[in-house]
Amino acid sequence: MTMKRGFKKVVRTRMLATGESYSVARAKILSSDKVRCVECGQYYTEGDEVDSQYYDSPYDYWKGCHQYCLACWLGVGPKDIARTLKEIEQEETSQS
Ligand SMILES: [Zn+2]
């Protein structure tokens, strides 16, 4: 399994915070309990997108993976989509 650079940053951040070794920090992130997304409230696992390109720039998900699920970080989360649907409904209502 190839590790993306962005994910390594996540592991290093945890190493600095906890003093764990790289392999321990990595294993704990991959097996971590689900985290609640502050944006949409859905539960996700930080290590879910371990091979994702989104950890790296230009997305830099490594900065937000502790608080946001990937969808919300990219702006396509359930709340973003719901907001868009609501806007469409309001447009339709105002036109009729
Ligand atoms: Zn979310």
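Assorted remarks:
- Counted residues, the stretch 34-51 - those being away from the ligand (no atom under 16 Å from the Cβ) and either among the acidic types (Asp, Glu) or surrounded by fewer than 16 Cβ atoms within 10 Å (Cβ to Cβ) (or both): 1
- Condition broken by Ser32, with the remaining ones in (1) outside any helix (DSSP H, G or I); (2) in contact (Cβ under 8 Å) with a residue 24 or more places away in the chain satisfied: (2)
- Residue identified as modelled with pLDDT of 90 or more and polar (S, T, N, Q) among Ser23, Ser32: Ser23
- Only residues that are out of contact with any helix residue (DSSP H, G or I) (no Cβ under 9 Å at 6 or more places or on another chain) and away from the ligand (no atom under 13 Å from the Cβ) were counted in the stretch 52-96, giving 14.
The values are calculated or read from the model by the stated rules, or taken from the named source; none is laboratory data. Small disclaimer: the values here were computed from a predicted structure and weren't measured. Positions of Cβ are backbone-derived with ideal geometry, glycine not excepted, and every protein chain shown enters the neighbour counts.
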